Amino acid sequence: MIRQFLLPLLVLGFLPTACGETVEYRIVSGGPNKITLEADKTGVMRGKKHNFEFPKFDGKLLFDAAAPQNSRVDLKIDSAAVICNDTWLKDSDRKKVVDYTLTDMLAVKQYPEMRFVSSKITPKGDNKFTVEGTLTIRGNGRPVVLEAALAQSAVTIDGNAILKITSFGLKPPSAGFGLAGTKDDMRAQFHVEAKR
């Protein structure tokens with residue numbers, strides 16, 4: 001289960017819209033917007049972590065202020081644009097990590113994007129929502145349940161999620177006959193603004 005994937009997702013409830021009107025908001029990369037993944041290392045590399053950034057993404061949020069449960073999110077992330085920001089690796093080793101990620105983990109030639117599409121948004125009260133949908137990585141779509149909370153100042157998606165590598169049919173990477181590896185859980189972090 002993935003939680004807090006899109007934290008102030010439905011902040012739009014604080015914006016003026018006509019009763020029952022569905023308003024479309026665009027989600028675009030650039031500026032302060034950021035989507036990152038962290039993966040903890042194991043074995044002799046324990047205590048280290050890979051820091052990946054996905055700087056190219058876009059999508060839309062269809063928001064119905066009168067009936068938030070009818071709102072929908074569709075977010076596409078460009079897998080091939082991944083950057084490794086590890087400061088503990090040499091440039092040549094960072095390049096190897098990125099090459100492995102692009103080729104073996106994400107298979108970007110066959111699957112150039114990751115995608116989240118919501119199917120149901122349920123108000124829980126106190127400006128909180130449960131967002132159900134499908135997250136697709138490398139062609140493997142998995143149902144996920146996300147917890148979302150409202151922010152009161154801006155149209156912003158801010159949050160965290162835990163993704164299990166194995167739940168998408170992938171094996172956590174390892175090297176040196178298992179002396180160094182990667183944990184199954186990866187932490188995703190988001191800061192995304194949606195605009196009309």
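Brief remarks follow.
Here is a yes/no grid of residues against (1) over 23 Å from Pro55 (Cα atoms); (2) in a strand (DSSP E or B); (3) modelled with pLDDT of 85 or more; (4) in contact with a Pro (Cβ under 7 Å, 6 or more places away or on another chain):
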{"residue": "Leu146", "(1), (2), (3), (4)": "no, yes, no, no"}
{"residue": "Gln152", "(1), (2), (3), (4)": "yes, no, no, no"}
{"residue": "Asn160", "(1), (2), (3), (4)": "no, yes, no, no"}
{"residue": "Lys171", "(1), (2), (3), (4)": "yes, no, yes, no"}
{"residue": "Phe177", "(1), (2), (3), (4)": "yes, no, no, no"}
{"residue": "Phe190", "(1), (2), (3), (4)": "no, yes, no, no"}
{"residue": "Ala194", "(1), (2), (3), (4)": "no, yes, no, no"}
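- Lys120 vs. criteria more than 18 Å from Ala161 (Cβ to Cβ) and either surrounded by fewer than 16 Cβ atoms within 10 Å (Cβ to Cβ) or at pLDDT 95 or above (or both): no
Here is a yes/no grid of residues against (1) touching a Cys at 6+ places or on another chain (Cβ under 8 Å); (2) assigned to a helix (DSSP H, G or I); (3) of a type in the set (A, V, I, L, M):
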residue	(1), (2), (3)
Thr36	no, no, no
Ala39	no, no, yes
Thr42	no, no, no
Arg46	no, no, no
Asn51	yes, no, no
Lys60	no, no, no
Gln69	no, yes, no
Leu75	no, no, yes
Thr87	no, no, no
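- Index of the failed condition, Val108 passing every other in (1) touching a Ser or Thr at 6+ places or on another chain (Cβ under 6 Å); (2) surrounded by fewer than 16 Cβ atoms within 10 Å (Cβ to Cβ); (3) part of a loop (DSSP other than H, G, I, E, B): (2)
The values are calculated or read from the model by the stated rules, or taken from the named source; none is laboratory data. All figures in this text were calculated on a predicted structure; none of them were measured in a lab. Cβ sites come from the backbone with ideal geometry, for glycine too, and all protein chains shown count toward neighbours.
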